[in-house]
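Working notes, structure below.
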Amino acid sequence: MIREAGPEDRALLEALLLRRIDGAMFPLSNLRTQGVGRGDFPTADFRASRFWLVGGQGVVGVNRRGMVMPLLEGGADLSGLRAAMAGCLVSGAVGPVACVRQVLAALGLDGLPARLDRDEPGFALDLAALRVPDAAGAVLVPASDAWRDVLVAWRAAYHGDVLGTVGRQAQDRAAEEIAGYIAEGSHRVLLRDGQPVAMTGFNARLAEIVQVGGVYTPPALRGRGHAKAAVALHLAEARDAGAARAVLFAASEAAARAYLGIGFQPSLEFALVLLTDPATVPPCP
């Protein structure tokens, strides 16, 4: 049976997501920071999510921006998912490949035009095995207002290069995200000779595990190990604060090589789908 979860299901949601935590960082982080409602989103934050329980076989979440976040056990029965989620706005999906493909098909949304639709290799790291490269002369500092304009430009470029978002939408989204990074202290900037050369951050963080995201080096500064050093130094900071594990998924072969170089090992493969236009889950035929 598929049903929407409510506040009384919070412990059950956590237990199901924790079974496969490497693939559950987005929905689990959203659950822990924003809570769970029923019939509506629990807060006004864009990460606030609604959740549907798929029997005892997994969870399907969707946040305020319409990103679907599925985490399912093998053989999960999705025959009732479309009816349960009819009318929900969907802008895309992210999660383990098999889960994303199965859920989009079950919702009747597979095959829609997408500005981004790709599978990306995932990686995981026991932070006790982290290898920090020599970063002599470099300093990792929190993202701050001192670098806001530079970081907004970098993030807008990331949106264009990686996520396929361009123009005013990319600029607006970048400005919103950088403001969030600064307010939450989630991202860091690597400085060399006092100048910013790379950015890294955690796009989901729990006490025991972090998920790396938002890594960026401007094209003119690539190939010099800046991003690799930034990620490693930030992970060392997280390790020293008590985190034991890190996960991420890579957008390019160069990024994958950098992550392998600091100790990450291949893990779950992720799918990232961003629809050209948001769609509403249709009712069952």
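Numbers at a glance
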| item | result |
| --- | --- |
| Out of A256, A198, A230, A236, sole residue that is touching a residue at least 60 places away in the same chain (Cβ under 8 Å) and either touching a strand residue (DSSP E or B) at 6+ places or on another chain (Cβ under 6 Å) or not assigned by TED's automatic domain parsing to the domain that holds A157 (or both) | A230 |
| Conditions (1) within 17 Å of the chain's Cα centre (by Cα); (2) over 19 Å from A84 (Cβ atoms); (3) part of a helix (DSSP H, G or I); (4) of a type outside the set (D, E); number of the one not met by A11 | (1) |
| Qualifying residues in segment 136-160 (those that are part of a loop (DSSP other than H, G, I, E, B) and touching a residue at least 12 places away in the same chain (Cβ under 8 Å)) - the one surrounded by the most Cβ atoms within 10 Å (Cβ to Cβ) | A143 |
| Segment 169-187 residues that are of a type in the set (G, A, S), paired with ones that are at pLDDT 95 or above and surrounded by fewer than 21 Cβ atoms within 10 Å (Cβ to Cβ) (beta carbon under 6 Å, 6 or more apart) | A174/V152; A175/V152; G185/P142 |
| Tally of residues being over 16 Å from F123 (Cα atoms), touching a helix residue (DSSP H, G or I) at 6+ places or on another chain (Cβ under 8 Å) and not in a loop (DSSP other than H, G, I, E, B) across segment 206-226 | 1 |
| Segment 27-47 residues that are part of a helix (DSSP H, G or I), paired with ones that are modelled with pLDDT of 95 or more and of a type in the set (S, T, Y) (beta carbon under 6 Å, 6 or more apart) | N30/S49; Q34/T43 |
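Per-residue answers, yes or no, for (1) crowded, with 17+ Cβ neighbours inside 10 Å; (2) in contact with a helix residue (DSSP H, G or I) (Cβ under 8 Å, 6 or more places away or on another chain):
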position: P27; (1), (2): yes, yes
position: G39; (1), (2): no, no
position: G56; (1), (2): no, yes
position: G61; (1), (2): yes, yes
position: R65; (1), (2): no, no
position: A76; (1), (2): yes, yes
position: A86; (1), (2): no, no
position: V94; (1), (2): yes, yes
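The values are calculated or read from the model by the stated rules, or taken from the named source; none is laboratory data. Owing to the predicted nature of the structure, the values given are computational and were not obtained by experimental measurement. All Cβ positions, even for glycine, are placed from backbone atoms using ideal geometry, and neighbour counts span all protein chains on display.
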